[in-house]
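Here is the structure we will look at, set down as structure tokens.
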Amino acid sequence: FFRKVVAEESIAFLHDIRGGDRTDINDDYKMQRLPSGEVVITPRNFKLLEELDKAEKGHGDMNISYGLVDPADIFLSEWNGGILGPHGTVHDQRFYELRISIPESYPKVPPRVKFVSKINVSCVDPNSGEIVYSRVPATKNWTRNHGIEQVLVSLRAEMGSPENRRTRQPQEGTTF
């Protein structure tokens, strides 16, 4: 509740001093153009607080999960993630654990994502577990309107792609 009030008050303040209309900002934190022509960009922590709130309330794709490693992390920099393997693939009935690091320049740049659970897919480095950004659609075509959820959903879609859906996997429970 507090986070949402702070975000709304900050947006209201920005609009009051700029003379904009509050209806120009939506909950998706997209860059917005005010009637005056100015562009409003939501600050990093506001975007992350909204992403955290959405994840904690269980909104969005229920095949993925994400949240802070340490709830006391005021910089919102280290996150855990999880992906349930797509049905009808070698990943079915598996849960993959990930670590997500949020850089200072987020959301201008995508988060750093690394699988903790061993996985064998074309978009993940087989030695480190780090995703290969050029092979994941959400990171390859990154815009500041994307977020953690889009990256995890994109990774899950890659698991189900023809290239990866039948690829032999490491023993369940092994880690990088």
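Report, by residue number, each residue of region 63-84 that is part of a strand (DSSP E or B) and not β-branched (Val, Ile, Thr). Show your work before the answer.
Of the residues in region 63-84, the ones part of a strand (DSSP E or B) are 64-68, 78-84.
Of everything in region 63-84, those that are part of a strand (DSSP E or B) and not β-branched (Val, Ile, Thr) turn out to be Ser65, Tyr66, Gly67, Leu68, Glu78, Trp79, Asn80, Gly81, Gly82, Leu84.
Checking the condition closer than 26 Å to Arg44 by Cα and open to solvent by less than 60 Å² (accessible area, probe 1.4 Å), which residue from Val136, Val121 passes?
The conditions single out Val136.
Among the residues of region 103-118, what is the count of those that are open to solvent by 10 Å² or more (accessible area, probe 1.4 Å) and in a loop (DSSP other than H, G, I, E, B)? Lay out the reasoning, then the answer.
Residues of region 103-118 open to solvent by 10 Å² or more (accessible area, probe 1.4 Å): 103-105, 108-110, 112, 114, 116-118.
Next cut, in a loop (DSSP other than H, G, I, E, B) only: 103-105, 108-110, 116, 118.
Result for region 103-118: 8.
Given the conditions (1) open to solvent by 40 Å² or more (accessible area, probe 1.4 Å); (2) out of contact with any helix residue (DSSP H, G or I) (no Cβ under 6 Å at 6 or more places or on another chain); (3) of a type outside the set (S, T, N, Q); (4) modelled with pLDDT of 75 or more, which single one is not true for Asp28?
Just one mismatch for Asp28, condition (4).
Is it fair to say Asp92 is over 19 Å from Trp142 (Cα atoms), open to solvent by 60 Å² or more (accessible area, probe 1.4 Å), part of a loop (DSSP other than H, G, I, E, B) and free of Cβ contacts under 8 Å to residues at least 24 places away in the same chain? Even if it seems obvious, please write down each step before you answer.
Details: over 19 Å from Trp142 (Cα atoms): yes; open to solvent by 60 Å² or more (accessible area, probe 1.4 Å): no; part of a loop (DSSP other than H, G, I, E, B): yes; free of Cβ contacts under 8 Å to residues at least 24 places away in the same chain: yes.
No: the conditions fail for Asp92.
Among the listed residues Arg144, Arg168, identify the single one that is more than 19 Å from Gly81 (Cα to Cα), of a type outside the set (Asp, Glu) and more than 15 Å from the chain's Cα centre (by Cα).
Values: Arg144 fails: more than 15 Å from the chain's Cα centre (by Cα).
After applying the criteria, what remains is Arg168.
When region 141-151 is examined, which residues are found to be within 25 Å of Arg33 (Cα to Cα) and assigned to a helix (DSSP H, G or I)? Let's see the steps before the verdict.
Let us first name the residues in region 141-151 that are within 25 Å of Arg33 (Cα to Cα), namely 141-150.
Selection gives Ile148, Glu149, Gln150.
Kindly evaluate Lys57 against the criterion of being of a type in the set (D, E, K, R), more than 11 Å from the chain's Cα centre (by Cα) and either at pLDDT below 95 or crowded, with 20+ Cβ neighbours inside 10 Å (or both).
Spelling it out, Lys57 is indeed of a type in the set (D, E, K, R), more than 11 Å from the chain's Cα centre (by Cα) and either at pLDDT below 95 or crowded, with 20+ Cβ neighbours inside 10 Å (or both).
Kindly indicate which of Ser154, Ser122 is assigned to a loop (DSSP other than H, G, I, E, B) and of a type in the set (Ser, Thr, Tyr).
Working: Ser154 fails: assigned to a loop (DSSP other than H, G, I, E, B).
Unique residue meeting the criteria: Ser122.
Would you check if there is a residue in region 37-46 being open to solvent by less than 40 Å² (accessible area, probe 1.4 Å), among the β-branched types (Val, Ile, Thr), closer than 20 Å to Glu149 by Cα and modelled with pLDDT under 95?
yes
The values are calculated or read from the model by the stated rules, or taken from the named source; none is laboratory data. Keep in mind the model is a prediction, meaning the values are calculated, not measured. Neighbour counts are summed over all protein chains in view; Cβ atoms, including those assigned to glycine, are modelled from backbone coordinates with ideal geometry. Please note that ligands, DNA and RNA were not included when accessible areas were found on the heavy atoms of the full protein model with its side chains. Shrake-Rupley method; radii C 1.70, N 1.55, O 1.52, S 1.80 Å.
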